[in-house]
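Asks: Here's a structure for you.
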Amino acid sequence: MTAEYSRQAIIADLTAPIADIVKRYPTQRSAIMPALYLAQEKYGFVDETAYLAISEILAVPEIWVFELASFYTLYKNKNIGKYHLQICTNVPCMLRGAYDLLDHLQTRLGINKGDTSTDGLFTLTTVECIGSCDLAPAMMVNETYHTNLSKERVDKLLDQLSRSGITSSVEESKSSVKKSKPSVEENNASTEKGPATGTEPSARNEPSAGNEP
């Protein structure tokens with residue numbers, strides 16, 4: 001989460017986009033769920049701070065916001081990893097080995113259900129149904145479905161995600177360093193300009209006008 005997270009910041013950031021959302025619904029209350037999702041997309045999670053801000057923006061009781069945010073697993077009340085692994089444990093997936101896959105994921109990642117890996121890449125949770133009963137066992141990674149899973153397919157997927165996550169983190173670090181460090185060209189240009197005033201350096205050891213021998 002890089003954006004500032006406070007009630008005032010959320011109100012400042014989301015009042016205009018939420019106003020656009022409200023136009024599509026018959027009542028302010030109907031816009032609570034998309035407003036929550038909008039906040040989660042921006043900040044990574046929604047908690048009491050977001051509930052209060054959204055209730056103020058929509059002019060609805062905070063309890064209306066809380067009861068929806070706390071009921072649906074779509075909304076996260078704490079920051080999660082880069083990859084959110086949501087494994088279905090409902091009856092069809094359970095019968096096809098979902099709990100064996102859950103145990104395998106917990107062992108492979110070294111975390112329990114509901115936790116985030118120490119490298120910040122993976123958060124593991126269970127869900128009741130993701131609508132892929134005919135392709136069980138199934139899991140969602142963020143918003144992407146992965147079906148007909150086995151331990152081997154899960155391992156391959158985790159390897160791919162780990163490589164992708166590490167690569168993107170390295171690239172982000174390089175980009176940050178590049179922005180903070182002046183380039184060679186910028187250093188040369190600064191040196192040529194001389195003092196911080198930006199004036200051109202004066203000629204050295206040259207006779208002044210009128211003093212030529």
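Asks: Can you list the helices (runs of 4 or more DSSP H) lying wholly within the range 31-75 that have 2 or more residues being on the phi > 0 side of the Ramachandran plot?
Replies: none
Asks: Then there's this: Can you spot a residue in the range 90-100 that is of a type in the set (Ser, Thr, Tyr) and closer than 17 Å to residue 14 by Cβ?
Replies: Taking every residue of the range 90-100 in turn, none turns out to be of a type in the set (Ser, Thr, Tyr) and closer than 17 Å to residue 14 by Cβ.
Asks: State whether one or more residues within the range 84-99 are free of Cβ contacts under 8 Å to residues at least 60 places away in the same chain, small (Gly, Ala, Ser) and within 18 Å of residue 130 (Cβ to Cβ).
Replies: For the range 84-99, residues free of Cβ contacts under 8 Å to residues at least 60 places away in the same chain, small (Gly, Ala, Ser) and within 18 Å of residue 130 (Cβ to Cβ): present.
Asks: Any chance the range 89-100 includes a residue that's touching a Ser or Thr at 6+ places or on another chain (Cβ under 6 Å) and either surrounded by fewer than 18 Cβ atoms within 10 Å (Cβ to Cβ) or within 16 Å of residue 127 (Cβ to Cβ) (or both)?
Replies: yes
Asks: Follow-up. Being acidic (Asp, Glu) and modelled with pLDDT under 95 is the filter here; which residues of the range 64-117 pass it?
Replies: 115
Asks: Under 9 Å between Cβ atoms, which residue pairs at least 6 apart in sequence (or on different chains) link something in the range 1-30 that is over 30 Å from residue 121 (Cβ atoms) with a partner that is at pLDDT 95 or above and of a type in the set (Phe, Trp, Tyr)?
Replies: The qualifying pairs are 29/64.
Asks: Exactly one of (1) closer than 22 Å to residue 71 by Cβ; (2) assigned to a helix (DSSP H, G or I) is unmet by residue 123. Its number?
Replies: (2)
Asks: Is it the case that some residue within the range 77-85 is farther than 25 Å from residue 105 by Cα, touching a helix residue (DSSP H, G or I) at 6+ places or on another chain (Cβ under 8 Å) and either part of a loop (DSSP other than H, G, I, E, B) or not small (Gly, Ala, Ser) (or both)?
Replies: No, that holds for no residue.
Asks: Here is a further query. Is one or more of the residues making up the range 135-157 exposed (fewer than 12 other Cβ atoms within 10 Å of the Cβ), among the basic types (Lys, Arg) and modelled with pLDDT of 95 or more?
Replies: Yes, the range 135-157 contains at least one residue that is exposed (fewer than 12 other Cβ atoms within 10 Å of the Cβ), among the basic types (Lys, Arg) and modelled with pLDDT of 95 or more.
Asks: Within the range 105-120, take every residue that is part of a helix (DSSP H, G or I) and surrounded by fewer than 18 Cβ atoms within 10 Å (Cβ to Cβ) and give me the one that is farthest from the chain's Cα centre (by Cα).
Replies: Top of the filtered list is 107.
The values are calculated or read from the model by the stated rules, or taken from the named source; none is laboratory data. Source: prediction; values computed, not measured. We place every Cβ from the backbone using ideal geometry, glycine too, and count neighbours over all the protein chains shown.
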